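In what follows, a single structure is set out as structure tokens and then discussed.
The values are calculated or read from the model by the stated rules, or taken from the named source; none is laboratory data. Since the model is a prediction, treat every value here as computed from it, not as a measurement. Quick note on the areas: whole protein, heavy atoms, side chains included, nothing else; ligands and nucleic acids left out. Shrake-Rupley method; radii C 1.70, N 1.55, O 1.52, S 1.80 Å.
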Amino acid sequence: MSRFSQLSLSGSPSEEFALPRRNAVGDDVYEALLTQLITLRIAPGERISVDALVRDFGVSQTPIRAALIRLETEGLVLRKHNAGYSAAPIPSGERFRGMYEFRMMLEPAAAALATERMNEAQRAELTAMITAMEACLAEPGDPSYGRFAILDARFHEIIAEACGNENIIEALGRIYAHMHLIRLGHQTAVTEAAVKEHAAIWTAMAAGDANAAADAMRHHIAVSQTRMEPIYKRYR
């Protein structure tokens, strides 16, 4: 299998940032950058050089810039005029607590509505998300955690979309909660508990039980906050 890899100063390939060519180049670059951001290998506030990434990944500027624009829309990267890109700062502990309160108000309701309103394509994608999350458990390390971050965010995004309420979709989309929360944890292993919580939500939804789906989502948010509390309380 061919692989992209970071190039050392001598021009020889290094395995540190190796990218499996599973998808389009832009998707692989996005996943690699996301992994570095959520594991804090690119530190909050650190400047991100497009030219350096071109050398590191051995690709053109086009997929690099596309990935950075995508990360900017997700709140993980900032762009300033004449200053280029930098990693977004870690939100304050108060901000994170507010995110959880906000999610607790909206996401259980979204899960209940989505249970009743989702279409076949959304059902299929949610099933695929759970299967892919479970696969991440067998692949420890930063790359697996980066993939899990993408799956986690997409899982919740699909549920929001499937609920059919534009106000809920827009409100949840604006807070970028999942990527920031995963970034704050910056674990390098996918936790079995998190995967089971997502699976419980989907099991209830697949069974058509809106109340159970809401309860499962409520439980997931509550235990996630408990897991994250010791970490995010350090940030003022």
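Just a few scattered comments:
- Volume of the convex hull of region 45-120 (Cα atoms only), normalised per residue: 151 Å³.
- Counting protein heavy atoms only, region 121-175 has 55 percent of its accessible area on carbon and sulfur, 1.4 angstrom probe.
- Surface accessible to a 1.4 Å probe, D27 within the full protein complex, Å²: 70 Å²
- Using all pairs of distinct alpha-carbon atoms, the Kirkwood hydrodynamic radius of region 70-154 works out to 15.9 angstrom.
- Residues whose amide H comes within less than 5 Å of that of V77, counting only those at least five positions distant or on another chain, are E72, A88 (H built at 1.01 Å from N in the peptide plane).
- Take region 29-97 with all the other protein chains still there, run a 1.4 Å probe, and you get 46 Å² of accessible area per residue.
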